[in-house]
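Engineer: Have a look at this one before I ask anything.
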Amino acid sequence: MGTYIEEIYTPYGPDEVRARLNRWKDAEGKGFKLVRSDARMIEIKHRTIHFILTLFDSKVRVEAWVGDLTKYSISPSALVGGMARRRGWRYYQTLKSVLSAGVEPGSLM
C-alpha cells in the first residue's frame, strides 16, 4: 500500500509544464480526466490510476497510485495490484520523459 512519490526536475516553468501535461494527456488517449486543478496543483485520473502533480519553478512533485479507497504504489517493486500497477508505471514513465527530457507528447508510442 502507499503512494509513489518523486520529484522531477524540469527546465520548464509551471505554465509550460501545464501545457506539456495537457498535450501528454491528450496524446495518451486513454481516458485521462482532469479531477481538479489550481495554480500549483493538478490532479488527473484514469480509471484507478491517479496522479497529483505539484508545480514548482524548476521541478514537479508527482504522487502516483492505483486504487480508489486503498492506495497502492505504482512502483515496480510493489507487491500488489500487478496489472494496474504496471500500466500506471508505463504512464508515469512517459509523463516523466515529457516533463524532464523534452520528449514531445505522443512520440513515445
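Engineer: Would you please put 55-62, 36-43 in order of how densely packed they are, using the mean number of other Cβ atoms within 10 angstrom per residue and starting with the highest?
Structural biologist: Working: 55-62: 16.0, 36-43: 12.5.
So the order, starting with the most tightly packed, is 55-62, 36-43.
Engineer: Please count, across the chain, the pairs of lysine residues with Cα atoms under 19 Å apart that sit 8 or more places apart or on different chains.
Structural biologist: 12
Engineer: Report the far tail of the P(r) of region 4-100, meaning the percent of Cα-Cα pairs longer than 18 Å. Numbers along the way, then the final one.
Structural biologist: Values: 1890 of 4656 pairs.
That fraction is 41 percent.
Engineer: Also, quick follow-up: What does the highest-first list of 93-100, 12-19 look like by mean Cβ count within 10 Å?
Structural biologist: Working: 93-100: 19.0, 12-19: 14.9.
Those peptides, ordered most packed to least, come out 93-100, 12-19.
Values quoted throughout were computed directly from the atomic coordinates according to the rules given, and no laboratory measurement underlies them. Please read these numbers as outputs of a predicted model, since none were measured by experiment. In this analysis, Cβ positions are derived from the backbone assuming ideal geometry, glycine residues included, and neighbour counts consider all displayed protein chains.
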